[in-house]
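All of the numbers you see were taken from the coordinates with simple rules; none came from a lab. What you are looking at is a predicted structure, and each value in this text was computed from that prediction instead of being measured. Cβ placement follows ideal geometry from the backbone for every residue including glycine, while neighbour counts extend to all protein chains displayed.
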Amino acid sequence: MHLAESADVPESPQRPETAPDLAVETRTRLIADLAGLIRPSHTAKAILLVPVALIGAPSYSLTEVVGIISATVAFMVASAAVYIGNDIVDRHRDRHHPVKRNRPIAAGRVGVVTASVCCAVLLAVLAAIVARGPASYWPVLVYLALNVAYSRFLKHIPLVDVGTVAAGFVLRVVQGYEVTGGQVPAWLLITVFSMSLLLLLGKRRRELLETGAVHRPALRGYSMELTNWLLQIASVLALVAGLMYLRDEGPFGPQHGQTAMMLSTPFALFALFRYLQIQLVENEGDDPVRILLRDRVMVANSMLWAATLGVTLVLVHHPSLAAAVTL
């Protein structure tokens, strides 16, 4: 009887959402979409590459540190503006991509006018930073000009498209040395360029498997066989250039550069092997940033590598500690 009586009791209606609740939810979604436009995870590119100029310096002034921070922020802002501009230009093509169609502009959650205003604000912030020393911020200005050309026509030219994007990574490194006044190591630039090509070619390979040339016309100039060969060439160049940088131009000096090179060889080889395994065996690699920052094997290898070189660097610059360790 109690069961019957309880069955007859109507369920209490859910409280309908009020207008303020809907307004708050809409505002929250808009803020999340605007944040998604600038791709926060990609700020790692500037955070990792621009401050390279400080690595290994025996001492540096507060002015240099502030300059590096300012240069890093400048490239983060410039990259965010470029991402928004590219999303505006590519919004129709992105709707044919299984992942990119969910981006705020392609999905229609953020209008073109709103996105354009955000891009203009970011460019205004960048102009305020660059105005403090325009002569030392030429790499970020070249980066912007290069990306305008990329969005208009370079992205449609096979091989040139990946080279253009890779040049943007090199410009980040150059920017760090510009604000510190240091000499840019040639082997380091070759390493960054070839590593960037490796990651970008892996991304093109994944796009060939997933969508073909429908989303990216430049893919008509690629094939699976070509990308596999190019991955091998870029891997070899990145490995050799990186090891030569550590030996000849790195922060370890001519006396200990060879030691750093030998210690780094197994870590560098394993990193390349793991990336190729992800590409060719696991058929992943559509997002290079996610691989470098979230793949547990890659992260563990990088941390061990960084710790090894870090300890070596400390011992190089503090011989007394090295003597104490040997005793």
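Descriptive notes on the structure:
- Taking θ as phi - 60° and the Karplus parameters 6.51, -1.76 and 1.60, the scalar couplings of the range 141-155 work out to 6, 4, 4, 5, 4, 5, 6, 5, 5, 5, 5, 7, 8, 5, 5 Hz in sequence order, x denoting glycine and proline.
- In the range 108-185, the chymotrypsin sites (Phe, Trp or Tyr not before Pro) that fall in loop regions by DSSP, at most 13 other Cβ within 10 Å: 153
- Rounded tilt (10° steps) of 112-130 against the dominant C-alpha axis of the chain: 30
- The chain: calculated mean residue ellipticity at 222 nm from DSSP helix runs of at least 4, using -39500 (n - 2.57): -23500 deg cm²/dmol
- Counting only alpha carbon atoms, the long axis of helix 186-210 and the longest principal axis of the chain meet at about 30°.
- The structure shown yields P(r) over Cα pairs in 20 Å bins from 0, in percent, and of the options (i) 28, 46, 24, 3; (ii) 37, 58, 6, 0; (iii) 26, 51, 17, 5, 1 that calculated value carries the label (iii).
- Here is the tail figure for the range 181-319: Cα pairs spaced more than 19 Å apart come to 56 percent of all pairs.
- In terms of its Cα atoms, the range 111-153 spans 35, 26, 6 Å along the principal axes, sorted from long to short.
- For the range 184-231, GluC sites (Glu not before Pro) meeting the loop criterion (DSSP other than H, G, I, E, B) and having at most 13 other Cβ atoms within 10 Å: none.
- Computed from phi, the 3J(HN,Hα) profile of the range 223-240 under the Karplus parametrisation 6.51, -1.76, 1.60 (θ = phi - 60°) reads 8, 4, 5, 5, 5, 5, 5, 5, 4, 5, 5, 5, 4, 5, 5, 4, 5, 5 Hz, with x in place of Gly and Pro.
- Label-point separation in nm, residue 44 to residue 280, each point 7 Å along Cα→Cβ: 2.4
- Taking one quarter of the surface of the convex hull spanned by the alpha-carbon atoms of the range 121-214 gives a direction-averaged projected area of 7.3 nm².
- Dimensionless Rg ratio for the range 26-111, taking C-alpha atoms and the 2.2 N^0.38 Å reference: 1.41
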